[in-house]
Amino acid sequence: MVAQIPNLADYDVSVENGFLPAQPPLESLPDEYYKPWEDIVKNLQGLVLSKRLRGVVEKLPVLSTDRLQDLPQWRRAYSILGFIMHAYIWGGNKPAERIPPPITIPLMETCDHLELPPVATYAGLVLWNWKPLFESERTDTLSNLDMLHTFTGSMDEKWFYLVSVAIEARGAPLIPMMLHAIDAARRGDRNMVIQCLRNFAERIDELGVLLTKMYDNCDPHVFYNRIRPFLAGSKNMADAGLPNGVVFDNGGAINKQRYVQFSGGSNAQSSIIQFFDLVLSVEHRPTGQKKGDEQHSSKKAPPPSFIHEMRKYMPGPHARFLKEVGKVANLRSFVEENSYDHALTVAFDASLAMLSALRDKHIQIVSRYIIIQSAAAKKRSEAESGKDQKHGEKRVDLAHRPKSNDKDKDGEKKGLKGTGGSTLIPFLRQARDETGEPAVDAWARRLLSKEKGPAGIQLSHIERRASRSMPQCPGLATVWQAEQSEGGLCFT
Ligand code: HEM
Ligand SMILES: N[C@@H](CC(=O)c1ccccc1NC=O)C(=O)O
């Protein structure tokens, strides 16, 4: 039986806002009972600066979650407890290893309810932490959005999250549209599929523009040195002072309390980007695994890719939605089955090219906000460590600087990790290259079967742009070249 195309409402996905809630998140919990949490999160920066946060949190009563009445309230509780917990862990000279019961007990209950891990995820920091400036205006633009909470109180941190909120909102209409395209492919409606793919490529291009707005108001130095340390989880955090992870003290027997490790918040936990991959049948392998390697390995199940692993850090219904989308994704096979339809092939390849270009822009951001900043911080800390040695001081590295002299062949530091724990640049480059693979594969098949290439067709504006942004996609490049040699005037 053919799997049913998932219905958005069944998975807490909104037709207008996608994975953002349809209504703006709650700005406070309505029941006065939760005032102690609200007071802390309202004064988070002051409490961190005065070094009083840890004492205040330890003296908090263990509040029950029984008074949370609906989904928006559960989400707010999870979001603010995540902020409080990460400020508690990372807001001191040394990170705190043991999280006390006033946080752990209610946080674990919100996690059970929302099917999320007990860490500040993308959902808590971004999806459930925004507000429109004006309720009457649209929410898919940076000019009408603000964040509710930040660790640092800085505009840079607000902007850092805001860019993601705007991308989620602007990308949202692509969800119902691409499910519609899947349905059109089932019905064999090639024109509708082409139209949806062209709109998709166009919108992904817009998301790339939004992404590069990051530079406008988020300073790389502030990001790396002030904001990013609070986003870290407890996995791979030895260099930052958490060699074993953290202990969730739930008030029970001490000997039953074990260390746990969770990845920190990361945009890899955003469901929208994974949705884009799934509808186009882009597949991600574990980092370092080359195409085709999986066939030669042993019978053991392959390790999941980091991107796939991050689904465990998405709200349960959203992760289930992605699983269902994976079952019904048919556009790639539809395009392959109709490879004589060159307009269809080109529209599909242009979508892949735009998604790949989005990842390329992101890699440039990562190099400015992390790679360059980490090198600068290392230089500073080496200069300072000379001074410190003289004074016998020892400093804890909260910006997670890797051990020095650990370089790989690209001159990048091996130890550099994303907040999610990925190997950063090799991981991101591989994810970008995998995005173009369906197009490259289709082209190889075409060559083998000696089929004629998609030359001489009319390119839409976006396809023309796409053909230049993905030189590694031979199909698009060929069309582009053909167009050039024919006078270059055959696009619409
Ligand atoms: C200063 C801004 C940003 C920095 C420094 C940054 C950094 C990173 C890093 C280091 C990773 C690797 C995964 C990890 O371990 O966390 C990552 C993954 C990712 N980031 Fe960002 N990011 C930024 C903003 C954004 C924004 C605004 C988006 C929205 C589209 C985004 C989308 C992604 C995606 C989708 C992944 C998963 C990898 C992939 O699918 O290609 N990032 N980011
Ligand atoms: N992976 C990024 C952090 C990141 O992308 C992120 C972390 C928490 C909440 C949102 C994030 N991304 C953009 O809003 C890093 O390693 O710095």
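Using the average count of surrounding beta-carbon atoms within 10 Å as a protection proxy, the listed peptides 130-138, 191-199, 146-154 rank, highest first, as 191-199, 146-154, 130-138. For the chain, the longest principal axis of the Cα atoms and the long axis of helix 316-328 meet at an angle of about 20 degrees. Looking at the square roots a ≥ b ≥ c of the eigenvalues of the Cα gyration tensor of segment 77-155, which shape do they give, rounded for a/c under 1.5, prolate if a/b is larger than b/c, or oblate? Since a/c reaches 1.5 but b/c is at least a/b, the shape of segment 77-155 is classed as oblate. What the Cβ-Cβ distance of residue 15 and residue 215 gives, at R0 = 22 Å and to the nearest 0.05, is a FRET efficiency of 0.10. With the highest mean first, a sort of the peptides 269-280, 311-322 on other beta-carbon atoms found within 10 angstrom per residue produces 269-280, 311-322. Maximal additional length on extending the residue 143-residue 384 stretch stands at 82.6 nm, based on 0.36 nm per residue less the C-alpha distance.
Between the helical axis of 155-171 and the dominant principal axis of the chain, each derived from Cα atoms, what acute angle in degrees is found, rounded to the nearest 10? It works out to around 40 degrees.
Here the accessible area of the chain is 52 percent carbon and sulfur, with a 1.4 angstrom probe and all protein chains present.
Length gained on full extension, residue 133 to residue 254, computed as 0.36 nm times the residue gap minus the Cα-Cα distance: 38.9 nm.
Computed per residue of the chain from DSSP H runs no shorter than four, each worth -39500 (n - 2.57), the mean residue ellipticity at 222 nm is -15500 deg cm²/dmol. Across every pair of non-identical alpha carbons in the chain, the mean reciprocal distance, once inverted, gives a Kirkwood radius of 24.2 Å. Computed extension gain for residue 238 through residue 372, at 0.36 nm per residue and net of the alpha carbon distance, reaches 46.1 nm. Between the Cα long axis of helix 71-90 and the first principal axis of the chain there is an angle of about 60°, rounded to the nearest 10. Packing around the peptides 11-17, 160-166, taken as the average count of other Cβ atoms within 10 Å per residue, puts them in this order, highest first: 160-166, 11-17.
The values are calculated or read from the model by the stated rules, or taken from the named source; none is laboratory data. Everything numeric here is computed off the predicted structure, so don't read it as measured data. Positions of Cβ are backbone-derived with ideal geometry, glycine not excepted, and every protein chain shown enters the neighbour counts. Heavy atoms of the whole protein, side chains included, go into the accessibility calculation; ligands, DNA and RNA do not. Shrake-Rupley method; radii C 1.70, N 1.55, O 1.52, S 1.80 Å.
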